[in-house]
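Heads up, the thing below is written out as structure tokens.
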Amino acid sequence: MAKGRTDLMFRWGLVTGFVSIWAFFAGLPWGVNGVATGYLIANLLIVYPSLAIPFRLIELPVRDLVRVIYPAFKYTLFMTTTIILLRLILLHLGILSSWIVLVGVILFGVTVYLGLLLLYKPSIVHDLVGVLPLNHFPGLRWLVCRLGLSYKHSTE
């Protein structure tokens, strides 16, 4: 909109709306999984043009975005792989409670992702610690101190 090309945004919105609706209808014969798969495929088809069109207006190559988010993508892929493996291990061990599996997988995933950030991008963790209200979470404050991360003590 800042470039005065709302016409382009409107036309692209029509295209993406049509593609999404078509994907929903195409997946209906296979039920919920078919609709979800159709929606996934539609989004995979439109993600690049949805980025390339506005990026072209500001002369920003999509590859610059990809280069910046690639590390986070790698960490996310690794975390996803580990939580899938953990879920399979829990099921193999006979732990069938959905709540236990959910909480366990979430906590493990957060731990893996933060561990990767600590190893490879400590400046991001330092910035994150700087905005967290650690005074309200003594356990988190203890962990931050144990990891040797500094944080700004606020009285809020």
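Being surrounded by 14 or more Cβ atoms within 10 Å (Cβ to Cβ) and either in contact with a helix residue (DSSP H, G or I) (Cβ under 7 Å, 6 or more places away or on another chain) or part of a helix (DSSP H, G or I) (or both): is that true of residue 51 here?
yes
Among the numbered conditions (1) touching a helix residue (DSSP H, G or I) at 6+ places or on another chain (Cβ under 6 Å); (2) in contact (Cβ under 8 Å) with a residue 24 or more places away in the chain; (3) under 30 Å from residue 121 (Cβ atoms), tell me where residue 19 comes up short.
With respect to (1) touching a helix residue (DSSP H, G or I) at 6+ places or on another chain (Cβ under 6 Å); (2) in contact (Cβ under 8 Å) with a residue 24 or more places away in the chain; (3) under 30 Å from residue 121 (Cβ atoms), residue 19 is out only on (3).
Are there any pairs with C-beta distances below 7 angstrom linking a residue in the stretch 53-67 that is under 18 Å from residue 16 (Cβ atoms) to a residue that is aromatic (Phe, Trp, Tyr), with the two at least 6 apart or on different chains, and if so which?
Here the result reads 53/12; 62/48; 62/55, each pair linking the stretch 53-67 to a residue that is aromatic (Phe, Trp, Tyr).
Give 36, 42, 26 a once-over and let me know the one that is touching a Ser or Thr at 6+ places or on another chain (Cβ under 8 Å) and of a type in the set (A, V, I, L, M).
Criteria check complete, one pass: 42.
If I ask for residues that are part of a loop (DSSP other than H, G, I, E, B) and in contact with a helix residue (DSSP H, G or I) (Cβ under 8 Å, 6 or more places away or on another chain), which ones from the stretch 69-128 would you list?
Selection gives 95, 121.
Just so you know, all these numbers are worked out from the coordinates, no wet-lab data involved. Note that the coordinates shown come from a computational prediction; the quantities given were computed from them, not determined experimentally. Glycine also receives a Cβ, built like all others from the backbone with ideal geometry; neighbour counts cover every protein chain displayed.
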